[in-house]
Structures are given as structure tokens and as C-alpha cells.
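Only one structure is covered here, and it is reproduced in the block below.
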Amino acid sequence: MFVGASLALTTIPTASAEETTVQICDAPVEGQSAHMASSFFSASGAARHLFVATGNDATDNCQAVSLPGVAASQVRWIGPAEPGMRPEALQTLLLQGQFADAVSVSEIIADSSPAPPTRTWLPFNRAALHAFSSQPFGIEERASLHAPDQIVCASGEKAAGVFYRSTQRWLASSPMTLSVRAQGSGQVEVAIGDSHRDQQETPLALGSMTLTEQAQDFLFEVPGNARRWSSLTFLCPPEGATLTLQDVRMLPQHNGPQRRAGAWFWSPDLWQQTPDKIIDAAIAESLEELYITVPVHEGRVAEPGMLSAFIERAERHGLSVWAVVGDPRDVLTQSWPALQQRLRAFRHYNESRAGQTRLAGVQLDIEPYLLPGFAQNHSLWRARYVDTVRMAQDEIAGSMPIDLVVPSWWGIHAHWGERLFDALDWSGTHMTVMNYHTDPERLRHDAEPFLSWAQHHGAKIRIALETGTLPDETQLRFARTPHQGDLWIVAVADTPVLVLLDRPRSGLPGIAFSHQDTNLVPASRHTFAGDPDRLAAVAAAMESHWQQWSSYGGLSLHGLDEYLNRGDKTP
């Protein structure tokens with residue numbers, strides 16, 4: 001999978017010549033010969049310039065391949081393929097991004113989408129009955145199933161009912177509430193079990209439901225259980241009953257407001273011009289930390305008095321203030337002087353201030369995977385990221401902690417994960433994981449490598465969720481075809497390049513793929529924007545799980561400042 005920024009392509013009007021070259025050059029192309037141009041970093045980390053030009057002659061200091069019979073205007077997008085993609089073995093390619101007008105590709109997925117993580121636990125706040133298998137029991141055989149959700153109980157004296165069992169579990173061991181929506185007739189007892197109780201045939205009684213023809217919601221308090229609940233039993237009364245289950249779900253219980261780690265407030269105007277907005281939002285969301293942009297001018301904090309006043313106000317409400325910095329290009333050594341200047345400014349500011357007006361720390365939000373061509377060499381960029389963090393640690397010189405903001409996919413990636421963890425000096429260093437998903441199983445899956453590693457190293461991991469507005473994306477799926485296609489992999493010297501055309505073409509020097517289908521990738525997979533109820537439900541469920549790790553350091557929210565800028569209520 002290509003993970004990185006979409007290549008921003010510049011399109012230049014050209015004549016419609018039926019001969020086109022794709023070229024990779026050491027320097028930007030000047031003049032009007034380029035129809036489409038972009039830049040990327042090669043496997044060596046050197047800047048390379050990729051462009052489409054009319055004609056069949058390569059520009060000086062460029063490598064090129066010709067696309068006979070293709071006009072430059074028919075090329076919609078070009079981008080370097082990941083070196084490990086092995087084009088000769090590919091059968092399927094997926095391009096994800098924006099394709100309506102100018103094409104922007106955010107992901108290139110080889111062969112198939114990564115398999116979704118296997119669900120190992122029952123969902124919270126969502127219908128769960130489908131995850132259970134059902135079986136009537138009782139020596140009188142008076143309980144029967146007319147459908148998985150329809151139970152009929154005949155009259156009788158012996159114990160009988162229907163046992164619902166799942167191979168999955170509700171992971172929270174804290175108290176919860178079981179919600180059952182049902183209709184029917186008679187009074188049915190409800191009990192809950194775990195693997196041990198199931199083996200002993202001793203489910204825990206929760207209460208009863210007096211059923212009517214109209215559906216009702218029944219709520220049962222469920223005690224905490226370290227073994228985790230995984231079964232339900234519905235017991236028939238002696239006089240008989242009928243029961244139709246419409247919904248079964250588990251609701252985590254709130255034990256007062258959760259203290260969340262923090263939230264980002266990117267615009268300096270928010271804390272400089274409207275500090276009360278930030279403070280009020282922080283109180284409403286039970287925050288502990290504020291991550292703000294602190295302008296620096298000529299090597300010093302630009303408004304030290306204003307910053308001191310804001311920090312002092314925040315401290316009165318139990319809020320610590322962190323300066324957040326970071327740009328994808330900060331991993332380039334030519335960008336280090338500007339980053340060093342900002343870090344020194346923060347250190348000098350703290351050295352000149354009293355305790356309650358000091359910055360609590362510096363957050364490095366450096367995302368090298370947004371650099372075009374990042375996937376050409378993960379090991380190179382990991383090493384440069386580590387070197388940049390070490391440089392920052394040297395500049396801060398232990399005067400305040402550093403928090404590293406990292407993407408969740410680093411935890412399970414072969415070139416990152418433990419290789420990154422082991423390369424960093426963790427004294428005085430924290431980590432915040434951008435776990436920008438809304439599916440609880442994916443959230444659990446992606447957080448676990450970080451929490452597990454930190455658990456064994458005495459570190460703390462904050463988990464961040466996205467609440468800001470993101471665009472929907474489109475995913476185009478292409479299948480390999482023998483001779484004709486609208487997506488081609490062509491070799492420009494030793495670099496495989498993807499070329500997306502506006503129509504299927506044949507006879508090109510490469511490997512052809514044809515468009516098969518189009519799928520929407522909704523932003524709701526990654527952000528809780530506009531759905532505060534879902535955010536609250538999922539956050540409560542996940543914190544019930546994550547709090548079982550001593551390495552869990554709290555929940556942060558990204559995008560909260562978007563609501564303040566619009567004047568809306570916070571999510």
C-alpha cells in the first residue's frame with residue numbers, strides 16, 4: 001500500500017499531439033513542453049521531477065518512455081509505484097482519492113484492500129444479536145425457535161429456554177447496561193454468562209421482561225466481570241410465553257465525565273483573541289491539555305506576555321498548554337535550522353518564566369509520510385524521522401517533555417513499529433497516536449501495538465480521534481488485462497510509473513489494467529464530524545477497553561477547533 005500525500009499535479013495546456021512521453025528528471029522542467037508535472041522523493045531521498053510531455057524526445061538529464069498513440073491531454077494522472085509492488089505479479093490495483101476533476105490519489109493499494117481485522121469482541125452501542133448462535137434447551141423440549149429471534153415457550157414445570165452464545169466477548173470488564181428490545185407475551189427471565197458460567201450452566205440472572213404485543217426496551221444492569229460476558233439466556237416461565245427479539249446491545253456505563261488528554265487549537269488567533277472560547281470548550285470536553293500554535297519571530301516567542309497570560313488562565317482551570325510544531329519537510333536536513341530556531345525559542349521562553357506561566361511541553365507533529373514518494377523507501381524516512389527527533393531532544397535539552405504525534409498504521413508496519421520504538425530515546429518523551437477511525441474494532445486493533453509496547457517500557461500512550469470535517473473519497477478498482485487498459489504501469493528506466501488515462505488504450509509499453517468498479521469511501525470511516533452521539537458512544541466503549549492498559553494516557557480530540565472557528569457547539 002502506498003501511504004503518503006497525493007501527488008499534486010500541474011497541468012499545462014498543450015497541443016493535441018498523438019505522441020507523449022513520461023519523463024523523470026533531476027531538475028524541474030521549464031518551458032511549455034510539460035502537460036503535467038509533479039515532484040517526488042526517490043528511494044535515495046533525492047528530489048525527482050515527473051512529467052508528461054508532448055513529442056517523443058526526452059529532455060536533457062531526463063529518463064523517458066514513449067506512449068505511442070496517446071495525446072498528453074488524455075493522461076489524467078501519473079505517479080511513481082511503490083518499489084515492492086512487483087508489477088509482473090499484480091492482478092488488481094486500487095486507486096483511492098478524488099477523481100471528479102483534477103485527479104488526486106491518496107492511496108495505491110496493490111492486489112486487494114488489506115483484510116479488515118478479525119473481530120474478536122462484541123460491539124458496544126450497536127446491534128449484536130447477529131453475532132450469537134442460538135440453541136433451545138430443556139428436558140421437556142418446550143422451548144423452540146421459529147427463527148433466530150423468535151422464541152416460543154410451551155407451558156411446563158422444568159427449566160427451559162434458549163441459550164445465545166458468541167465466540168466473541170464484550171471486552172469491557174467494568175459495569176455495563178444490557179438493552180433488549182422485544183415484544184411478545186408472558187414474562188421471560190434474562191440471564192448473562194461467560195465461558196466459565198456456560199461450562200457450569202450457571203448464568204447470572206439479570207431480571208425479567210413482561211412482554212406485550214408492542215415492542216418495549218428493557219434495561220438490565222450488568223456487573224463488571226474480568227472474564228468478559230459472552231452469552232445470554234432467555235428462560236421460559238411455567239405458563240409459557242412468546243418472545244420476538246428486535247435488538248440486543250450492550251451500553252458501557254459512564255462513571256462521570258472522562259478526563260480526556262487534550263485537543264488541538266491550531267490558529268493562534270483562538271488563544272490570542274478569544275481565549276475564553278478555548279477554555280470553555282476545554283471545560284465542556286473535560287480536557288487536561290491544550291495543544292496550540294505559538295508564533296516565533298526572530299528566534300523568540302512573538303507575544304510572550306500574551307502567551308503567559310493565556311497559560312496562567314488555563315492553569316487556573318487545571319489545563320496545561322503545549323506548543324505544537326511540525327511540518328512533513330522537517331525531516332529534511334535543510335529544514336532543520338527553522339525547526340531548531342522554534343525549539344530554542346520555546347526553551348528560552350520557559351527559562352525566562354515562572355512555573356505557572358511555562359509551556360508544559362513541545363509536541364512534534366511531523367508527518368513524513370505526507371511527502372510524495374515517501375513509500376519509495378520507508379527505512380530511509382524512518383531513519384530521518386528518528387534523527388529529527390534526536391535533534392529536537394538535543395535542542396530542548398530536557399527542559400520540558402516532548403510528545404510525538406504518529407499515525408496508527410506505524411504500529412503494525414514492518415518498517416516502523418518496533419524498529420521505530422527501539423530507535424528512540426524515551427526519557428521525557430510521550431507519544432500520541434492518531435487513531436483516525438470510527439469503527440471500534442479498527443480502533444482497538446490499531447492502538448494495541450502502541451499500548452502493548454508502552455506497557456512493557458513504562459511509557460504512556462495517548463489516543464487521538466478525529467472530529468473535524470474530511471472529504472469523502474472514491475476508490476477505483478482495476479484488474480489486469482492482457483493488452484488494453486486505462487491504467488498502465490510503465491517503466492521509466494528503473495522506476496515503475498502508474499499512468500491513468502481518460503479511456504482504455506492498447507499497444508503501450510507496460511502492463512495494462514482495466515477499470516472494473518467504483519466505490520465510495522465515506523469520510524465517516526475516519527471522522528466523527530457531525531455525529532457527537534456516536535463519538536460519545538464509541539469513546540466510552542473504547543476507553544472502557546483501553547483503560548485496562550496501564551500505558552493508556554488518555555483520549556485526545558482533533559478537529560475541535562473547527563467548531564470554535566465556525567461558532568458551533570463542540571462535538
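The values are calculated or read from the model by the stated rules, or taken from the named source; none is laboratory data. Being a predicted model, the structure only gives us computed values, none of them experimental. We place every Cβ from the backbone using ideal geometry, glycine too, and count neighbours over all the protein chains shown.
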If a residue has to be within 13 Å of G355 (Cβ to Cβ) and in contact with an Asp or Glu (Cβ under 8 Å, 6 or more places away or on another chain) to count, how many in the stretch 297-320 make the cut? 1
Looking at G45, is it of a type in the set (G, A, S), within 29 Å of V331 (Cβ to Cβ) and either modelled with pLDDT under 90 or not in a loop (DSSP other than H, G, I, E, B) (or both)? no
Which is more than 21 Å from L243 (Cβ to Cβ), within 41 Å of the chain's Cα centre (by Cα) and among the basic types (K, R), of R228, R181, R165? R228
Look at the stretch 515-536 and say how many of its residues are part of a helix (DSSP H, G or I) and either among the hydroxyl-bearing types (S, T, Y) or crowded, with 19+ Cβ neighbours inside 10 Å (or both). 2
Please go through (1) buried (at least 23 other Cβ atoms within 10 Å of the Cβ); (2) in contact (Cβ under 8 Å) with a residue 40 or more places away in the chain; (3) aliphatic (A, V, I, L, M) for L290 and return the number of the only condition it doesn't satisfy. (2)
So R165, is it at pLDDT 95 or above, among the charged types (D, E, K, R) and closer than 26 Å to W546 by Cα: yes
Tell me, which strands (runs of 3 or more DSSP E) lie completely within the stretch 401-504 with 1 or more residues that are within 24 Å of the chain's Cα centre (by Cα) and over 23 Å from L95 (Cα atoms)? 402-407, 429-434, 461-466
Within the stretch 139-160, the residues that are farther than 14 Å from L129 by Cα and assigned to a strand (DSSP E or B) are A143, S144, L145, H146, V152, C153
Can you name the number of the only condition in (1) outside any helix (DSSP H, G or I); (2) over 26 Å from H49 (Cβ atoms) that H348 fails? (1)
Across the stretch 54-112, which residue is modelled with the highest pLDDT among those that are charged (D, E, K, R) and surrounded by 17 or more Cβ atoms within 10 Å (Cβ to Cβ)? R76
Here is a list: L307, L339, L332. Which entry is surrounded by fewer than 20 Cβ atoms within 10 Å (Cβ to Cβ) and either aliphatic (A, V, I, L, M) or under 21 Å from S267 (Cβ atoms) (or both)? L332
So L232, is it within 18 Å of A127 (Cβ to Cβ), buried (at least 20 other Cβ atoms within 10 Å of the Cβ) and not acidic (D, E): yes
How many of the residues in the stretch 362-398 are under 26 Å from G262 (Cα atoms) and surrounded by fewer than 18 Cβ atoms within 10 Å (Cβ to Cβ)? 7
